[in-house]
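Right, one structure below, let's go through it.
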Amino acid sequence: MSARTGVTVQVPATTANLGPGYDCLGLALGLHNEVTLARAGTLSVEIQGEGADSLARDASHMVLVAAAAACAAAGREPPPLALRQVNRIPLARGLGSSSAAIVGGIVGVDELLGLGLTARQMLDVATAVEGHPDNVAPALLGGLTVCCATDDEVLVERLEVAPGLSCVVAIPEFEVATHEARRALPDIVPHADAVFNLCRASLVVAALVSGDFAQLGEAMRDRLHQPYRAHLVPGMAEAIAAALDAGAHGAALSGSGPTVAAFMAGGGEEVGAAMVKAFAGAGTTAVASALALSPEGARIVT
Ligand code: HSE
């Protein structure tokens, strides 16, 4: 692969866990960030959109950390890079903004420098930077992904969701830091709860692939993380219940939250409005947004 002078990568938002599939399941959504990397004399960072006032402007920027990790995996020294980011994915809301940055950095630098990393190697690097695979896998590969992180590598299957499913997200105005949401989880869970989740995580995958979406209401229930995170997201349980009452097939906390993602056939305006109202009843201001599913993952656009 030959090296290039500048590369733009478009990377989708993601929703991870899908209820019971903690650190395993993820789905790419039709909302995209753009990451542009170019060789430069000195490092520079330009950010438009979400995070323009808060994200790092130095080598600690997640895109550049990931680009450096990709170079290290390929045995190369990273050159100084000019980064330009156009961000549409809200930060720290459970929609995969950090995964989009990480995957954008890896795919971008691989193309820019001709590193020649395979998709499997990129996934390993992205997971090492992010700490868990379930957002970076759909950001990289698109569609529905099932991940299994071993001690040495990340095993992944990418699957197509059957046609006819759409997603509405209700995005609270506040942020939840993933590391805090992970700290809220217990070290040990009851065996019955583990069994509850493994039945449902398997059923989520089967229902999404077969198109038997009516199963999602039960299949997206979770006992391994949502109950322990409820105090971080006032109105979470109410928003999930309201989505189901308004006709959604299934709903769950998106990643580590605070966003709730609901899935239905059709437009979903009523589901979005019901979730926003339920959040408001618990004192949480949220906005609803209808998002397509994204069969495509990270894509080089220039
Ligand atoms: N599986 C991760 C978690 C996703 O729930 O902590 C983070 O977005």
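The values are calculated or read from the model by the stated rules, or taken from the named source; none is laboratory data. In this text, all values refer to a predicted model and were calculated from it rather than measured experimentally. Neighbour counts run over all protein chains shown; Cβ positions are idealised from the backbone, glycine included. Accessible surface is based on the protein model in full, side chains and every heavy atom, while ligands, DNA and RNA are left aside. Shrake-Rupley method; radii C 1.70, N 1.55, O 1.52, S 1.80 Å.
Tally the residues that are under 17 Å from LEU113 (Cβ atoms) and more than 19 Å from the chain's Cα centre (by Cα), restricting the search to region 47-63. So that I can check it myself, show each step before the final result.
Taking region 47-63 first, the residues under 17 Å from LEU113 (Cβ atoms) are 59, 63.
With the extra rule that they be more than 19 Å from the chain's Cα centre (by Cα), the set shrinks to 59.
So the count comes out to 1.
Taking the conditions exactly as written (more than 16 Å from the ligand (Cβ to nearest atom) and open to solvent by 10 Å² or more (accessible area, probe 1.4 Å)), does ALA262 satisfy them or not?
no
Considering region 102-116 alone, what residues qualify as being open to solvent by less than 20 Å² (accessible area, probe 1.4 Å) and away from the ligand (no atom under 13 Å from the Cβ)? Full working, then the answer.
At the first step, the residues of region 102-116 found to be open to solvent by less than 20 Å² (accessible area, probe 1.4 Å) are 102-110, 112-114.
VAL103, GLY104, GLY105, ILE106, VAL107, GLY108, VAL109, ASP110, LEU112, LEU113, GLY114, listed by residue number.
When residues of region 118-136 are filtered for being within 14 Å of the chain's Cα centre (by Cα) and of a type in the set (S, T, N, Q), how many remain?
Number of matching residues: 2.
Answer yes if at least one residue in region 277-300 is in contact with a strand residue (DSSP E or B) (Cβ under 6 Å, 6 or more places away or on another chain), of a type in the set (Val, Ile, Thr) and open to solvent by 40 Å² or more (accessible area, probe 1.4 Å), and no otherwise.
Yes: one or more hits.
Can you list residue pairs whose Cβ atoms sit under 6 Å apart, with the first residue in region 76-96 being β-branched (Val, Ile, Thr) and the second being in a loop (DSSP other than H, G, I, E, B) and crowded, with 22+ Cβ neighbours inside 10 Å? Count only pairs 6 or more apart in sequence or on different chains.
Pairs found: ILE89/LEU95.
Please state which of the following conditions LEU115 fails to meet, knowing it meets all the rest: (1) in a strand (DSSP E or B); (2) more than 16 Å from the chain's Cα centre (by Cα).
All conditions are met except number (1).
Quick one: would you say ALA181 is away from the ligand (no atom under 16 Å from the Cβ) and either out of contact with any Pro (no Cβ under 7 Å at 6 or more places or on another chain) or open to solvent by less than 60 Å² (accessible area, probe 1.4 Å) (or both)?
Details: away from the ligand (no atom under 16 Å from the Cβ): no; either out of contact with any Pro (no Cβ under 7 Å at 6 or more places or on another chain) or open to solvent by less than 60 Å² (accessible area, probe 1.4 Å) (or both): yes.
No, not satisfied.
Hey, any hits in region 207-215 for a residue that's out of contact with any Pro (no Cβ under 6 Å at 6 or more places or on another chain), at pLDDT 95 or above and open to solvent by less than 10 Å² (accessible area, probe 1.4 Å)? So that I can check it myself, show each step before the final result.
Of all residues in region 207-215, those out of contact with any Pro (no Cβ under 6 Å at 6 or more places or on another chain) come to 207-215.
Okay, now just the ones that are also at pLDDT 95 or above, so 207-215.
Subset that is open to solvent by less than 10 Å² (accessible area, probe 1.4 Å): 207-208.
Taking every residue of region 207-215 in turn, at least one turns out to be out of contact with any Pro (no Cβ under 6 Å at 6 or more places or on another chain), at pLDDT 95 or above and open to solvent by less than 10 Å² (accessible area, probe 1.4 Å).
Among the listed residues VAL154, VAL168, which satisfies the condition of being farther than 15 Å from GLY26 by Cα and open to solvent by less than 20 Å² (accessible area, probe 1.4 Å)?
Values: VAL154 fails: farther than 15 Å from GLY26 by Cα.
Result: VAL168 is the single residue among VAL154, VAL168 that is farther than 15 Å from GLY26 by Cα and open to solvent by less than 20 Å² (accessible area, probe 1.4 Å).
Considering GLU50, GLU77, which residue is loosely packed, with under 14 Cβ neighbours inside 10 Å and not hydroxyl-bearing (Ser, Thr, Tyr)?
On the way: GLU50 fails: loosely packed, with under 14 Cβ neighbours inside 10 Å.
Answer to the selection: GLU77.
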